[in-house]
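Only the coordinates and a few stated rules stand behind these numbers; no lab work does. It should be emphasised that the depicted structure is a prediction, and the values quoted were computed from it without experimental measurement. Please note: Cβ atoms are built from the backbone with ideal geometry, for glycine as well, and neighbour counts cover all protein chains shown.
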Amino acid sequence: MGDPRTLARGGHASHSSRCLIGLPSSQVEVDPSRIAVIFYCLGTMDILSTLQLQSGEQDRESWKEWFWEQQISSPYGTGFRPSTYMTPEDHHGEPSEYNTGHLVMTYTALLCLSILRDDFSNLDRRGILHLLRSCQQPDGSFTALPTGGESDLRMTYCAFVISSLLDDWSGIDLDHALAYIDKCYSYEGGYGQSPFGEALGGTTYCAVASLGLAPDTPTSSRATRLAGVNRARTIRWLVQNQTESGGFSGRTNKLADACYCFWCGAALAILGEGDLVNERTLTEFLANCQFKFGGIAKAPGERPDPYHTYLSLAILAILPADHGNDETWKLPRLNPLWNATEDTAQWARAHIPAKAS
Amino acid sequence: MSDLLADDSEWADVVPIRQYENVNPIAPIFYSEEYKDATDYFRGVVKTGEMSPRVLKLTERVIRMNPAHYTAWQHRYKTVMALQVSLEDELELMDEIATMFLKTYQVWHHRRLILTALNSVDAAARELVFLKTVLENDSKNYHTWSYRQWILVHFNDEERLWAGERPYVEELLEEDVRNNSAWHHRFFVVFSSGVRAGDEDREQTLRRELSFAKEKIALAPNNLSAWNYLRGALEHTHTPFTTVTAFVEPYTASEPPATDVVDLDNPLPSAGAQLPCVAALEFLADIYEEEGGEKTAKAVEIWKLLANEKDTMRKKYWEHRIRDALQKA
Ligand SMILES: [Zn+2]
């Protein structure tokens, strides 16, 4: 553990840039979700404002190029794939059935490219809307891939952010999707991963953020969606998840974990109740999750990873840390709905929608 | 002494295909030789569209090295269906892989697909037994519980699958009364999934559930899972919180009451219980708020006690409750 009174900005930034250089073979499981891992690394550098320092102009140009290589079109529409892990050396012979865009990768790729300040002239907007349509299921949920796979609130959130980033909701049947979110609501006040599931921090964030992102429809307005007794129960459950350690747990009676500080804290912020978090103890918990050689772990004494590093910094950026006058904790504001710094969100708003180009 | 497919005559007729990599990739993974070898051959068979027994071996090999490799899973499923291999055998083979990679989504999704294709109640019953053994080692594993709930809903009308669920939950709560996944599962079985056989009399069912929750609270008063269950059961059935005031009050006192009278409807906190119990104080304040009028002041008093003394971690939340109630009043 490093000095718990300061945020070890340099250490966290180098932890991320090290991961961008390469990952050991023991990390092979992240290959099918590699863009998401890259997003946590670039996002960390974005929050710490070190991207310009830690990468050269040429690096950033070639990274953009790498991203655009992952944008692929298939009969199901266009989207980003996780990496080239299935791409043959000569680019030939990959059947379109397996070579499709992935919703989580498409969402995180759009944010990565915004962090890299790409002009999005290569973006196939119509194709992406088509992919969303291909991924929506009869029950209103979304699969990550148009060819199947599991469907749950994580993918609903990605479909909603993608629509919001494009400022075009024509790719999804919104009322149907909203009905699915309702079905995931649990008696405890949180949302399960899918209908009938136990209330869980991550998917509660996905539900609350989706409800906050979706525009009004004739049968559902934003104001009524996040109101009343259900909202009060959600707030209660979220607040109850802050444990004695100061960190949040993801479920009732579980131990605190740095990532749930984000999922629960950001959900509260979206509900306009971020003030209810005990920021002082939360910051202390996250400070103790810092690894002595950089990076932030899920709990004190554990190994760090890009996911927990990014999400810890993100919640500190949403809820201004209560750490006296120590300047190291000062971070730029973060948009809790898209999960991007305000500067990056502004870039995305100016360059991603069709009318912007 | 190599274990590579490149040295295996069985694979001599397949042209391995190396992975494309950009000259300056981001976060590249430094693959092991075995992984590169297996995935080179996997790309080879995907290109030719081969679906054969050796492709089943190959996809298993890839999956064991990388259980998140969703393309290997997709191609495996397609091959299993095309070859019409025994789906029961496929599930059994997957038992070990599921146990090894409990936290990988793809592992559980594959089981769903196979069980859906099998469409057999016997197979579903076998799955429920298998899941019990998994939960023995990790009683709160989210994927395992999701899959269990999915099976039950998928075979919604098969009462023989559902019949053992409530007793199973009781077993788990005997072991760990704070296991929220077990509490949640009970709520799912009794309330949110519909009306199960034997539970048609809803009033009696509610009485049974309230007694169950109260009994568990008496055993361990500071257990939020049980209090949330009690709240959930009342709210789901639109039963006012005031109906349990007599039960809640003794838990808000500083000491257990000195009485020998046993009221089965309202079990008292056990002798060594830590009182007052924060969850009970919260509950009593909610009762007062529900009653409204003059009672609101009593609710505010409790919230102040929570904010300043009993649950200072959530001070701002209790103050928010006070503001909210006074605004409504
Ligand atoms: Zn975590």
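A Förster radius of 60 Å combined with the Cβ-Cβ distance from residue B:60 to residue B:294 puts the calculated FRET efficiency at roughly 0.30. Between residue B:137 and residue A:350, the distance separating the two model label sites (each 7 Å from Cα on the Cα→Cβ line) works out to 5.3 nm. Using a basic spin-label model with each label point 7 Å from the Cα along Cα→Cβ, how many nm lie between residue A:275 and residue A:21? Using points 7 Å along Cα→Cβ, the separation is 4.6 nm. Considering only A:12, A:130, A:102, the mean-square fluctuation computed in a Gaussian network model of chain A, springs between alpha carbons under 10 angstrom, is largest for A:130. Relative intensity of chain B on a log10 scale, I(q)/I(0) at q = 0.13 Å⁻¹, equals -0.99, per a Debye sum over C-alpha point scatterers of equal strength in the absence of solvent. Rounded to whole Å, give me the distance from the Cα center of the stretch A:199-234 to that of the stretch B:232-307. Result: 30 Å between the Cα centres.
With a 10 Å Cβ neighbour count serving as the proxy for reagent exposure, in which order, fewest first, do A:355, A:292 appear?
Fewest to most other Cβ atoms nearby, the residues stand as A:355, A:292.
Under 5 Å between amide hydrogens, built in the peptide plane, is the criterion, and for residue B:29 it picks out A:23 among residues at least 5 positions away or on other chains.
The GluC sites (Glu not before Pro) of the stretch B:190-233 that meet both conditions, a loop assignment by DSSP and at most 14 other Cβ atoms within 10 Å of the site Cβ, are B:200. Only the Cβ atoms of Lys and Arg (+1) and of Asp and Glu (-1) were treated as charged; on that basis the dipole of the protein assembly as shown about its Cα centre amounts to roughly 1440 debye. Of A:22, A:171, A:149, the residue with the greatest mean-square motion in the GNM of chain A, using alpha carbon springs below 10 Å, is A:22.
Residue by residue, the stretch B:144-152 carries 3J(HN,Hα) couplings of 5, 5, 4, 5, 4, 5, 4, 4, 4 Hz when phi is fed to the Karplus relation 6.51 cos²θ - 1.76 cosθ + 1.60 (θ = phi - 60°); x denotes Gly or Pro. What the Kirkwood sum gives for chain A is a hydrodynamic radius of 20.6 Å, with every pair of different alpha carbons counted. This ranking places B:94, A:45, B:313 by how few other beta-carbon atoms lie within 10 Å of each, fewest first, which gives B:313, B:94, A:45. For chain A, modelled as a GNM whose springs connect Cα atoms under 10 angstrom apart, the maximal fluctuation among A:314, A:159, A:345 occurs at A:345.
Ellipticity at 222 nm from helices only: DSSP H runs of n ≥ 4 in chain A, each -39500 (n - 2.57), divided by the residue count, give -14500 deg cm²/dmol.
Among the trypsin sites (Lys or Arg not before Pro) found in the stretch A:48-156, those both in a DSSP coil and sparsely packed, with 15 or fewer other Cβ atoms within 10 Å of their Cβ, are A:117. Separation of the stretch B:76-98 and the stretch A:29-50 by C-alpha centroid, Å? Value for the Cα centre distance between the two parts: 35 Å.
If I take all pairs of Cα atoms in the stretch B:1-85, what percentage of them are more than 17 Å from each other? Result for the distance tail: 48 percent. Projecting the Cα atoms of B:74, B:29, B:44 onto the dipole axis of the stretch B:1-85, where Lys and Arg carry +1 and Asp and Glu carry -1 at the beta carbon, places B:74 farthest toward the positive end. Using the average count of surrounding beta-carbon atoms within 10 Å as a protection proxy, the listed peptides B:243-254, B:62-73 rank, highest first, as B:62-73, B:243-254. Among the residues of B:256-268, the average count of other protein chain beta-carbon atoms within 10 Å of the residue beta-carbon is 0. Comparing B:172, A:75, B:325 along the charge dipole axis of the protein assembly as shown, the residue lying farthest to the positive side is B:325, per the Cβ-charge model. Dipole check for the stretch B:1-85: with +1 at the C-beta of Lys and Arg, -1 at the C-beta of Asp and Glu, and the Cα centre as origin, the magnitude is about 420 Debye. Entry for the stretch B:236-329 at q = 0.10, 0.24, 0.26 Å⁻¹: log10 I(q)/I(0) = -0.29, -1.23, -1.31, Debye formula applied to identical alpha-carbon scatterers, no solvent contribution. Between the stretch A:60-85 and the stretch B:182-206, the C-alpha centres lie 48 angstrom from each other. Here the stretch A:169-208 yields Rg over Rh of 1.03, to two decimals, using C-alpha coordinates and the Kirkwood radius. Modelled this way, with points 7 Å down the Cα-to-C-beta line, the labels at residue B:271 and residue A:255 are 3.3 nm from one another. Rg and Dmax of the protein assembly as shown, both derived from C-alpha coordinates alone, stand at 26.3, 86 Å. Each residue of the stretch B:174-181 was assigned a 3J(HN,Hα) from its phi angle through the Karplus curve 6.51 cos²θ - 1.76 cosθ + 1.60 (θ = phi - 60°); the sequence is 4, 6, 8, 6, 9, 6, 5, 4 Hz, with glycine and proline shown as x. Charges were assigned to the Cβ only: +1 to each Lys and Arg, -1 to each Asp and Glu. The resulting dipole of chain A about its Cα centre is roughly 640 debye.
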